[in-house]
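Let me begin by presenting the structure, written as structure tokens, before commenting on it.
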Amino acid sequence: MKPIELTVALESTVIAHGLPHPHNVALARELEQIVADEGARPATIGVIGGEAVCGLSEAQIEHLATAEDVHKLSLRDLPAAIARGWDGATTVATTMHIAHLHRIPVFATGGIGGVHRGSGPPGSGSFDVSNDLEALATIPMVVVCAGPKAILDLEATREVLETRGVTVVGYQTDEMPAFYSRTSGLPVDVRCDTPQEVAELVQACHQLQLRSALLVTVPVPAAAEIPANEIAPTIDAALAEVAARSLRSAEVTPFLLRRLGELTRDRSLHTNLALLRQNARVAAQIATSLTRM
């Protein structure tokens, strides 16, 4: 089947678990409008009453933003959500899966999950790696993000991406960005300066029948950046609280992002919003370029 080139998938976790109401609804609408303004079709993805919806209506977005007991759905949770009629917000991995089922080739998100700091080898009690990395290794689509979340072990995450054959593209950069910060000191595999160059890489991936994603990493706008040397001590302090509370797995990231917002007096939140807007815009530009290939 031919991909629906002009559609850009958007996740719903930020709606249900990222921001308070009504800011979450306003952001969801804003991201969709950014995609539409670039000539593409937005499709925010979520699960409503056990149905995976690719293109939430305004009423459905409002429901996920305000309803109680909205599940945060990783891929392992998706069968239970469908079978038991849950409402759910989709993570990166789950959004990728549903978008791919609907033949949508481009997905815009904030930051990807990866290897958590202090994670030991598989089988150890401290092994903690996001399912996002497995999805990136096995679902062939374009994922536009601001790099891995800065709370992660960036070097280990970059190594896993390389091992799993995920091509990391630096969009107008030679270094993989680190979410809040424009640089990480880690190289990308290839640099692209225009949406057309990314579209050419997508075409090459199709010709080679590669089964992994093309990860397009876009630095946060310079005006909204928190340099790594500024955010690092705050991240360390938040991670110390995670250890003190003995938080694990799905509890860790939401707590850290919320705590960072508190410790930075919402500066990290404003950075997060800026990169979400930019990623949506770049993803839409890539989608429109794909139609011209």
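Report yes if THR44 is hydroxyl-bearing (Ser, Thr, Tyr) and open to solvent by 30 Å² or more (accessible area, probe 1.4 Å), otherwise no.
Values: hydroxyl-bearing (Ser, Thr, Tyr): yes; open to solvent by 30 Å² or more (accessible area, probe 1.4 Å): no.
It is false that THR44 is hydroxyl-bearing (Ser, Thr, Tyr) and open to solvent by 30 Å² or more (accessible area, probe 1.4 Å).
Would you confirm, using the coordinates I've provided, whether THR183 is of a type in the set (S, T, N, Q), over 24 Å from GLN33 (Cα atoms) and touching a strand residue (DSSP E or B) at 6+ places or on another chain (Cβ under 9 Å)? Even if it seems obvious, please write down each step before you answer.
Details: of a type in the set (S, T, N, Q): yes; over 24 Å from GLN33 (Cα atoms): yes; touching a strand residue (DSSP E or B) at 6+ places or on another chain (Cβ under 9 Å): yes.
When the stated conditions are applied, THR183 passes them.
Does segment 52-59 contain at least one residue that is open to solvent by 50 Å² or more (accessible area, probe 1.4 Å) and in contact with a helix residue (DSSP H, G or I) (Cβ under 8 Å, 6 or more places away or on another chain)?
Yes, segment 52-59 has at least one match.
Yes/no per residue for (1) part of a helix (DSSP H, G or I); (2) open to solvent by less than 40 Å² (accessible area, probe 1.4 Å):
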| residue | (1), (2) |
| --- | --- |
| LEU133 | yes, yes |
| LEU136 | yes, yes |
| VAL143 | no, yes |
| ALA150 | no, yes |
| VAL160 | yes, no |
| GLY170 | no, yes |
| ARG191 | no, no |
| VAL198 | yes, yes |
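When segment 200-224 is examined, which residues are found to be more than 21 Å from LEU133 (Cβ to Cβ), part of a helix (DSSP H, G or I) and open to solvent by less than 50 Å² (accessible area, probe 1.4 Å)?
Passing the criteria: ALA204, ALA224.
Kindly indicate whether VAL115 is open to solvent by 10 Å² or more (accessible area, probe 1.4 Å) and either within 21 Å of ARG158 (Cβ to Cβ) or of a type in the set (Lys, Arg) (or both).
Details: open to solvent by 10 Å² or more (accessible area, probe 1.4 Å): yes; either within 21 Å of ARG158 (Cβ to Cβ) or of a type in the set (Lys, Arg) (or both): yes.
Yes: the conditions hold for VAL115.
Which numbered condition trips up ILE82, out of (1) in contact (Cβ under 8 Å) with a residue 12 or more places away in the chain; (2) more than 23 Å from GLU62 (Cα to Cα); (3) open to solvent by 20 Å² or more (accessible area, probe 1.4 Å)?
Just one mismatch for ILE82, condition (2).
Looking at segment 9-118, what helices (runs of 4 or more DSSP H) fall wholly within it and have at least 1 residues that are among the aromatic types (Phe, Trp, Tyr) and either at pLDDT 95 or above or closer than 27 Å to ARG292 by Cα (or both)?
On the way: elements: 23-37, 58-66, 78-84, 92-101.
Because the criterion is at least 1 residues that are among the aromatic types (Phe, Trp, Tyr) and either at pLDDT 95 or above or closer than 27 Å to ARG292 by Cα (or both), no helices (runs of 4 or more DSSP H) in segment 9-118 meet it.
I'm trying to understand the selection: among the residues of segment 199-253, which are of a type in the set (S, T, N, Q) and in contact (Cβ under 8 Å) with a residue 40 or more places away in the chain? First the steps, then the outcome.
Restricting attention to segment 199-253, the residues satisfying the condition of being of a type in the set (S, T, N, Q) are 203, 207, 209, 212, 217, 229, 234, 246, 249, 253.
Selection gives GLN203, SER212, THR217, SER249, THR253.
Considering only segment 244-265, I want to know if a residue exists there that is hydroxyl-bearing (Ser, Thr, Tyr), within 19 Å of the chain's Cα centre (by Cα) and part of a helix (DSSP H, G or I).
Filtering segment 244-265 down to residues hydroxyl-bearing (Ser, Thr, Tyr) leaves 246, 249, 253, 264.
Subset that is within 19 Å of the chain's Cα centre (by Cα): 249, 253.
Now restrict to residues that are part of a helix (DSSP H, G or I): 249, 253.
Within segment 244-265, one or more residues are hydroxyl-bearing (Ser, Thr, Tyr), within 19 Å of the chain's Cα centre (by Cα) and part of a helix (DSSP H, G or I).
Is it the case that some residue within segment 264-275 is among the basic types (Lys, Arg) and modelled with pLDDT under 90? If you could, list the steps in order and put the result at the bottom.
Within segment 264-275, the subset among the basic types (Lys, Arg) is 265, 267.
Now restrict to residues that are modelled with pLDDT under 90: none.
The answer is no, given that none of the residues of segment 264-275 is among the basic types (Lys, Arg) and modelled with pLDDT under 90.
Report, by residue number, each residue of segment 239-253 that is open to solvent by 40 Å² or more (accessible area, probe 1.4 Å) and touching a strand residue (DSSP E or B) at 6+ places or on another chain (Cβ under 8 Å).
The answer is ALA250, and nothing else.
For segment 257-293, how many residues are open to solvent by less than 40 Å² (accessible area, probe 1.4 Å), touching a residue at least 60 places away in the same chain (Cβ under 8 Å), hydrophobic (A, V, I, L, M, F, W, C) and closer than 24 Å to PHE107 by Cα?
Kept after step one, since they are open to solvent by less than 40 Å² (accessible area, probe 1.4 Å), are these residues of segment 257-293: 260-261, 264, 268, 271-276, 279-280, 282-284, 286-290.
Filter once more, so that each one left must be touching a residue at least 60 places away in the same chain (Cβ under 8 Å): 260, 268, 271-273, 275-276, 279-280, 282-284, 286-290.
Then drop every residue that is not hydrophobic (A, V, I, L, M, F, W, C), which leaves 260, 273, 275-276, 280, 282-284, 286-287, 290.
From the residues that got through so far, the ones that are closer than 24 Å to PHE107 by Cα too are 273, 275-276, 280, 282-284, 286-287, 290.
Counting residues in segment 257-293 that are open to solvent by less than 40 Å² (accessible area, probe 1.4 Å), touching a residue at least 60 places away in the same chain (Cβ under 8 Å), hydrophobic (A, V, I, L, M, F, W, C) and closer than 24 Å to PHE107 by Cα gives 10.
Looking only at segment 176-189, count how many residues are assigned to a strand (DSSP E or B) and surrounded by fewer than 18 Cβ atoms within 10 Å (Cβ to Cβ). Step through it out loud before you land on a result.
If we filter segment 176-189 for residues that are assigned to a strand (DSSP E or B), which is where we start, we get 178, 181, 187.
Checking the rest, the ones that are also surrounded by fewer than 18 Cβ atoms within 10 Å (Cβ to Cβ) come to 187.
Final tally of qualifying residues: 1.
The values are calculated or read from the model by the stated rules, or taken from the named source; none is laboratory data. Since we're looking at a predicted model, the values are computed, not measured. Cβ: placed from backbone, ideal geometry, glycine included. Neighbour counts: every protein chain shown. Ligands, DNA and RNA are excluded from the accessible area calculation, which covers all protein heavy atoms including side chains. Shrake-Rupley method; radii C 1.70, N 1.55, O 1.52, S 1.80 Å.
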